[in-house]
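**Student:** The structure that follows is given in the form of structure tokens.
The values are calculated or read from the model by the stated rules, or taken from the named source; none is laboratory data. Here the structure is a predicted model, which means the values were calculated and not measured. Neighbour counts run over all protein chains shown; Cβ positions are idealised from the backbone, glycine included. Each accessible area value is taken on the protein alone, full model and side chains, heavy atoms only, with ligands, DNA and RNA left out. Shrake-Rupley method; radii C 1.70, N 1.55, O 1.52, S 1.80 Å.
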Amino acid sequence: MNLLLLEPGERLLYRADPRFRHITRILRLDVGDTIRAGEHGGSVGVATLVTIESGTLELSFAPEGSPRSLAPVTLLLGHPRPIVLKRMLRDLSTIGVERILVVPTENGEQSYRESNLWNDTTTPLREGAAQGGSTLTPDLRLEDSLTDALRGIDAPTETRFVLHAE
């Protein structure tokens, strides 16, 4: 984690939260110590540990500036296996891709669209943003078809790239 990613206004972390464990067990921070932090979708700055008590960790947050913009890249992705997509979402968020459009493919398993992964895509996206040091996450959409996805891409034709194995 290169940035402690908080929800806007969030100042308490609880023992079951992976961020609590990271701060106390990995970083071994104590009261008064600081960590680079940011509010999801908002400012980056510094969080200071105010208290660490049984089961809770209280922070203060001092914003210092705006996050850097995401790369103006739209990735059109044929729907991979759900476990692979989960890893890809985290990695694509880490590198700061602006938009990810996932489309069904002719040879892909159609049941992937019904995967439980789609119930919680925010977790891997936020994990990636924290790793990449950003408060911004990519816009992710599951499209019905390649045609629908292409209609939504407004990039000039000279900036389009197609990567295909054949």
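**Student:** For region 102-121, name all the residues that are within 15 Å of the chain's Cα centre (by Cα) and surrounded by 14 or more Cβ atoms within 10 Å (Cβ to Cβ).
**Tutor:** Leu117, Trp118, Thr121
**Student:** I'm told Ser93 meets every condition in (1) open to solvent by 20 Å² or more (accessible area, probe 1.4 Å); (2) outside any strand (DSSP E or B); (3) among the polar types (S, T, N, Q) except one. Can you identify the failing condition by its number?
**Tutor:** Result: Ser93 fails condition (1) only.
**Student:** Can you tell which of Arg113, Arg126, Arg151, Arg141 is out of contact with any His (no Cβ under 6 Å at 6 or more places or on another chain) and modelled with pLDDT under 85?
**Tutor:** Arg151
**Student:** Take the residues in region 122-144 that are surrounded by 15 or more Cβ atoms within 10 Å (Cβ to Cβ) and in a loop (DSSP other than H, G, I, E, B); name whichever of them is farthest from the chain's Cα centre (by Cα).
**Tutor:** For region 122-144, the residue satisfying everything is Glu143.
**Student:** Restricting attention to region 41-64, which residues are farther than 19 Å from Arg28 by Cα, of a type outside the set (Asp, Glu) and touching a strand residue (DSSP E or B) at 6+ places or on another chain (Cβ under 6 Å)?
**Tutor:** Listed by number, the residues that qualify are Ser43, Val44, Gly45, Ala62, Pro63.
**Student:** Give all pairs with beta carbons closer than 8 Å in which a residue from region 70-99 that is on the phi > 0 side of the Ramachandran plot meets a residue that is open to solvent by less than 50 Å² (accessible area, probe 1.4 Å) and among the hydroxyl-bearing types (Ser, Thr, Tyr); count only pairs at least 6 apart in sequence or on separate chains.
**Tutor:** Gly96/Ser134
**Student:** Still on this structure, I have one more. Anything in region 43-55 that is out of contact with any Ser or Thr (no Cβ under 6 Å at 6 or more places or on another chain), modelled with pLDDT of 95 or more and not aliphatic (A, V, I, L, M)? List them, or say none.
**Tutor:** Ser43, Gly45, Thr51
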